[in-house]
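Each value in this text was obtained by applying a stated rule to the coordinates, not by laboratory testing. Please read all numbers here as calculations on a predicted model, not as lab measurements. Cβ placement follows ideal geometry from the backbone for every residue including glycine, while neighbour counts extend to all protein chains displayed.
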Amino acid sequence: MPASFNQFVTEAITGPVPDPPGVKLVKEGLKVKHPVVFVPGIVTGGLELWEGHPCAEGLFRKRLWGGTFGEVYKRPLCWAEHMSMDNETGLDPPGIRVRAVTGLVAADYFAPGYFVWAVMIANLARLGYEEKNMYMASYDWRISYQNTEVRDRSLSRMKSNIELMVSTNGGNKAVIIPHSMGVLYFLHFMKWVEAPAPMGGGGGPDWCAKHIKAVMNIGGPFLGVPKSIAGLLSAEAKDIAVVRTMSATHPCASLGRAITPGVLDNDIFRLQTLQRVMQMSRTWDSTMSMIPKGGDTIWGDLDWSPEEDYAPSIRKQKKIDTQVVNKDENGSMASQRKLKNYGRIISFGKDVAFAPSSEIERIDFRGAYKGCSVANSTCRDVWTEYHEMGIEGIKAVAEYKVYTAGSLVDLLEFVAPKMMARGSAHFSYGIADNLDDPKYQHYKYWSNPLETKLPNAPDMEIFSLYGSGLPTERGYIYKFSSSADCYIPFQIDTSADDEDEDGCLQDGVYTVDGDQTVPVLSAGYMCAKGWRGKTRFNPSGIRTFIREYDHSPPANLLEGRGTLSGDHVDIMGNFGLIEDILRVAAGATGEELGGDQVHSDIFKWSEKIKLQLLELLTAIAFWWKWPSPDKCLSAWMLED
Amino acid sequence: MASILRFRKLCYLEPVKFRTFDESPELYQKLDKKADDNNVILTAKSVLETDTKKKKCTKKPSKEWRCVDTCCWMIGCLCTTWWFLLFLYHCFPATLPGFQVPESPGVRLKRDGLTANHPVVLVPGFVTGGLELWEGRPCAEGLFRKRLWGGSFTEIFKRPSCWLEHLSLDNETGLDPPGIRVRPVPGLVAADYFATGYFVWAVLIENLAKIGYEGKNLYMAAYDWRLSFQNTEIRDQALSRLKSKIELLYVTNGYKKVVVVPHSMGVIYFLHFLKWVETPPPMGGGGGPGWCAKHIKAVMNIGPAFLGVPKTVSNLFSAEGKDIAYLRAMAPGVLDSEILGLQTLEHVMRVSRTWDSVISLMPKGGETIWGNLDSSPDEGHACQSVKKGQYAPTSNGMNANHTDIKTGFQVKETVKCGRIISFGKAESELPSSQIPNLDTEEILRSSITKNVNSSCGEVWTEYDEMSRESIRKVAEKKVYTARTLLDLLRFVAPKMMQRAEAHFSHGIADNLDDPKYAHYKYWSNPLETKCCPEVTNSVKWDICLRLPDAPDMEIHCLYGVGIPTERSYVYKLSPTNKCKNIPFRIDASANGDENSCLKGGVYFVDGDDSVPVLSAGFMCAKGWRGRTRFNPSGIATYIREYKHKPPTSLLEGRGIESGAHVDILGNVALIEDVLRVAAGASGAEIGGDQIYSDIRRMSERINLEL
């Protein structure tokens, strides 16, 4: 008998479901070898209340985040109050203690029935894994990475647990599996653990080499996520923007316009949901760790971007047709096509987004007069930093017209100075010229792969596993929102669409290849090029591998979220990915998995990025074809 | 599914019929034609017409009551009542007038300025920890990482045999049976609530949180309570984890020593840990001498089962406790239930006999502690005074009045509690000279004639292998003391005892320096180990340099008194001679007179419902008090007793002044003591000893070389 009715119907329609990877690999004789550590990402980890204001009576050790979210509906204001952090310090507000749930339950299911790690845990258990050799390094994802150590000792706990697991499992090194923001968190951890005691964990310079076999980053936003910009600037992401349009263009438009926009814009209920969400999420320092890093060098400038030749239709055809025929078509098509200006992450107005750079008139906003506060009595209770900015300030922002990755940070500093002051104490978004500069010993650089060196652990392996084939947000077209009083003054211009069918601009959002949240460029660049071989970011030559999983949607509704998904979170149930992880946990190396597995153009795009990767001396040596001190390196470089 | 569909079909057919009957004009015409001839149909028609009229004036006629309507109405009514009740519930004041919820100790102490200081480690006891499934047989499909033990226990009812199969351990090794992995639930959720709404640690955790405790300085050392203590390390590395956690807590909380709060069996588990951690690696944790002194501030044992619990004897011997014996007396046939073929007790016995940890709770110290045929240290204990609660608290020394009451009862009846199992009520009271002096050795030597009876089904207990003859021989011996009990168990359950005695020992050491006591099987017996071995001067110096005024380690014994607790049993042979039956049974008909401690075949003494005072208090009162051979470094010990007060009203739930074994974890006085120590107070600062029972006198009567 099949276990469930769902499964029965699915099997009747699509034929027998393949064995889950755990079962399959047990038949091959794979067994437990390396202990496994999970590092959950932003939002997916549960948070529970340890101390609260009187309004949260009876919620002691109940989940505020994750689970059923019952409290959001029952007492939304109280909930938002407890989920916010202090605006000055980025730590707990007085009298409130909300802490991360510990153990595997912290992030196995986000909400009932919505798995995150559960499928992977179940498959690992088939190999014989259990609580003693699996560990969920849960942490409070709202606060900055260093603060998780200062407040909760999360990094110390992870260190102690890894040490314990390695020693109790016969000295087998740990396999680390971070997901999403957990990737950056673990980058921070690797620097922290080897740094000396007051600021770091004091593990000594070979801690990583001794304790870590492989880091298998799933959907890692190494270089940031453009989505976070929309989130910070106007608390909008594609999903919300679509809701707004849907309601306006609904068949029964009159009704729709009257009620549904009201839900979000809220004159009627005075709930001002977006502002509240924004007020809450702006107190979370961790969101600032995902701002695109590397500036114009990585993300492109006004006229250029690494992914400029990308078109979703080509990707689609590639999947169906044979490649030889396709290539000719591509060539002709590409020559006709206008190249996309992905580098312009935010443009005000659609015409600006398409205009050649010479025609854009920009007036610098930096240092512009912000004007006096426009906040009036009607919206005083909801506080966002926009209220401290006058019409003049908002105008100044719009008059700069186009923002690239480099100027975005300045924009955010202009629009939300307090938040960025807090954030820049903990995160940095640049590219290091000289990594040996002593200033890079500060913890604020540790989570930026472009400003740190990987640890000295030549036997370690770094994997980047991510989904591809889904449109992912990359740039936005903004407009003023209709009334500037109580509202967030900017909105995504959802009316902006591409004329031709395979355009990447839809509802005011430019999309590229990715896993719906992280663009391929951010997830893959470091492993494809930045760390490949012996570079200045990877001085010990840690081997890197890229494993892409092409998205294919579930065949029918009963399949749930699919076993072949490439979506940012659903990929955690992707059988291919789970199989790779199981093999590595059971002892396989990257080569044994089959090395790189690439569906997107990541290598081509990485080539276009002009980033100095070699130490200056080695670079010169290579330029002059002198025998390089490291023969392997030069051989590799020539081959490439 | 099919039945629902059928039901809906029924519901739908009828209204359709009605509709055609009512409204189709053709039908009317047909009826009209026939009406000329037939009066009966005419009347029928008139009825119909009136019906349609009624329908027009909105009132629904009874015939129109369709099944669907009824359903809707019912749902509507249910919803309304539900909503109404919910409404009432919300209107209801949170605290009833007249019933004032007293302020929780955490809030009060926070106002007094107490804050989290020392990190706290909780060690749960027997049975209270949750267990979850990691790998199982096909019958347990879909239960992956669901709780088998603790929580809602739904699986017992859904698939009882599967459930039992997964909870039992391998009969030979005492570890997992092949293909089954059941593991302890980690984290605070492991034992905060045992079942939904039945708190274990939750109240204490909540109060600790009030003064600032949270995940970084509070840890629950969950372990698989079915295994022998050393096996929790071998299989799950539970002891290593505990060690690493304590070290981490110590370092991350600014080098503050840890307060450990074990409960029930967790107490002896932690004793085992204390020895394990300082023993060199292959067998121990390799923490080196001084590890305990360096990392532990105080061990606050709650309801400690140091010297064992007599209850386990009856559990092992016949899978009976007081409660079950009562039940049998009241409703014979329910439990015997050959009718239903359930054989509950036999199943329980089969499963619980595979759990090694049960053996750790057997009475330790033999006749020296628990008394011989003629006398026992806690005899002469008067039951009535327990019931009336006439004790005056004696903070120091004996209370004179107290002994007077005692002697008064002693004349009436001398209960020979030393005889833990006696066959027949008369035998339990006879002077020792009249008891047939059958040596247990003799019984053991007598060949066990195996009962080869293939008709006995799959339910397998070791009793099935015993012949009727040898069972009778067991009963002929009449009386067993704590020492001969072990022989008895070796006789009736040889395999279980063989397995378990590799892990536990129940004697008293003559010479603690004998190298054999380095073996782990002695570590959980306080009478065969040195408690936290002597700290060398160099280690002390090292600690002193780091923390000049760090106080030395302390041991507290916190337990409830004032509840009758099982101490010894009157047994009989069970009447049936069938196979698959437990041949012995508590004689529930054996009752003493009104003042007697004998009720339903069980002798009671003072205690907390599970652990007698003697077992809980002796080590702190005498065995470790001062510098004895069991406590060479002279660790300070304190006794804190809490007198049981039943909850005054139903609304109080399980009471805030309870002394019962588990309910004491919600006792406000106990919580306050734990909180004060956690916040930095020493044993003397919380008031030293607090004694209600006559534990001191009992201890005095125990003739143990110290």
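To the nearest 0.05, what FRET efficiency results for A:Phe480 and B:Thr154 with a Förster distance of 51 Å applied to their C-beta separation? That pair, A:Phe480 with B:Thr154, gives E of 0.35. Across peptide B:209-218, the mean count of Cβ atoms from other chains lying within 10 Å of each residue's own Cβ comes to 5.
The ellipsoid equivalent to the alpha-carbon distribution of segment A:152-203 has semi-axes of 18, 15, 9 angstrom, derived from the gyration tensor eigenvalues as √(5λ) and listed largest first. Give the residues of segment A:120-143 whose amide nitrogen is closer than 19 Å to a point set 7 Å from the Cα of B:Arg181 in the direction of its Cβ. Answer for segment A:120-143: A:120-137.
For segment A:397-533, the Stokes-Einstein estimate of translational diffusion at 25 °C and a viscosity of 0.890 mPa s comes to 135 µm²/s, using the Kirkwood hydrodynamic radius over alpha-carbon pairs. Other residues with beta-carbon under 15 Å from the beta-carbon of A:Glu451 carry, at +1 per Lys or Arg and -1 per Asp or Glu, a net charge of +3. I need the calculated FRET efficiency for the pair A:Glu57 and A:Glu88, taking r as the beta carbon distance and R₀ as 35 Å, to the nearest 0.05. E between A:Glu57 and A:Glu88, to the nearest 0.05, is 0.80. Counting only other chain Cβ atoms within 10 Å of each residue's Cβ, the peptide B:185-195 averages 3.
Counted by neighbouring Cβ atoms within 10 Å, the residues A:Ile177, A:Ile477 run from fewest to most as A:Ile477, A:Ile177. Sorted fewest first by neighbouring Cβ atoms within 10 angstrom, A:Glu131, A:Glu413 come out as A:Glu413, A:Glu131.
Percent of Cα pairs in segment A:106-244 per distance bin of 5 Å, from zero to the largest separation: 2, 8, 15, 19, 20, 15, 9, 6, 3, 1, 0, 0.
I'd like the Kirkwood hydrodynamic radius of segment B:210-259, using the inverse of the mean 1/r over distinct C-alpha pairs, in Å. Its Kirkwood hydrodynamic radius stands at 12.1 Å.
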